[in-house]
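To keep things clear, I will list the structure first and then write my remarks on it.
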Amino acid sequence: MLNPCPSSPSRLLTGTAQSSKITALVDRRFLPSSGYLLALQTADSNPKPTAESHNLTQHRHWLMKSEPESRFENGVDMKFGIEDLKALPGQSSCWDGVRNYQARNFMRQMKEGQLAFFYHSNCKEPGIAGLMTIVKEAYVDHTQFDKKDAHFDASSKPDNPKWSMVDVQYQRMMKRFLPLSELKKHHLQHRAHGGPLKDMALFTKTRLSVQPLTAEEFDFLLSLEDKEPL
DNA sequence: GCCAACGTTGGC
DNA sequence: GCCAACGTTGGC
């Protein structure tokens, strides 16, 4: 099996959690066909047709979770924070290890050039640390076939791979870190009185490691950078 | 370390 | 197709 993502640690949140990898940019020959990008929304082999599965909802902004602190899973350190991404060659990496269908399907909807927040999860101070750009659209996550990888999936076969990943590139740190505690205050306020974060997936689908953001959510989050912490 | 929320598995 | 048991996520 070709391995388009030669370097890297695979540590992004798996499914609802994470994993990523690092990679130098990759060969365009491995770009998936368009049929491959048709996303199923759930584990069902025959999901109900929904706006999302038909890709009618075109999200342009994303939030992706990864763990910035060491934690061992099957003997492999899952640590992959924004500083780790920044330190890689080309400041880019593949986002491998996602093992949740909903998260995978969102990755399959991502387009080159779109922006994603890098979210630090399962750590002392969870929150939004910075911004990245999607630099390669969904392709086969080779770590699913690697027995030594923390996210090896014995049920996935090379002739019909289950899991995909994208490549991301560091763009910048947030002007200030946006802690989850602060985002939650906004979420609760907006839920009570209306506002852009009232339905934010970070709070309504807490275990989802790759999430779409509406334009309103994205703009509001960016605007927080220039405000005093709530 | 606890545990609530929620996704997955597999028996029936 | 239901649903109990089990596993995982991730904040606290």
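The values are calculated or read from the model by the stated rules, or taken from the named source; none is laboratory data. As the structure is a prediction and not an experimental result, all values here were calculated from the model. Positions of Cβ are generated from backbone atoms using ideal geometry, with glycine treated the same way; all protein chains shown enter the neighbour counts. Heavy atoms of the whole protein, side chains included, go into the accessibility calculation; ligands, DNA and RNA do not. Shrake-Rupley method; radii C 1.70, N 1.55, O 1.52, S 1.80 Å.
Quick look at the values:
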| quantity | calculated |
| --- | --- |
| 17 Å Cα-Cα reach of A:K147 towards lysines, excluding residues that sit fewer than 8 places from it in its own chain | A:K21, A:K157, A:K162 |
| With DNA, RNA and ligands ignored, accessible area of A:D77 (1.4 Å probe; Å², nearest 10) | 40 |
| Amide N of the range A:189-230 lying under 20 Å from the label point, which is placed 7 angstrom from the Cα of A:F177 along Cα→Cβ | A:202-203, A:221-230 |
| Computed label-point distance, nm, for sites A:R71 and A:A87 using a 7 Å Cα→Cβ extension | 1.9 |
| Rg/Rg_ref, the range A:137-196, where Rg_ref = 2.2 N^0.38 Å and atoms are Cα | 1.84 |
| Listed residue (A:L85, A:A129, A:L183) projecting farthest to the positive dipole end of the range A:77-197, Cβ model | A:L183 |
| Partner aspartates and glutamates for A:K79 [C-alpha distance under 18 Å; skip if fewer than 8 residues away on the same chain] | A:E67, A:E69, A:D96, A:E125, A:D149, A:D167 |
| Calculated FRET value between A:K162 and A:E216, using beta carbons and R₀ = 30 Å, to 0.05 | 0.35 |
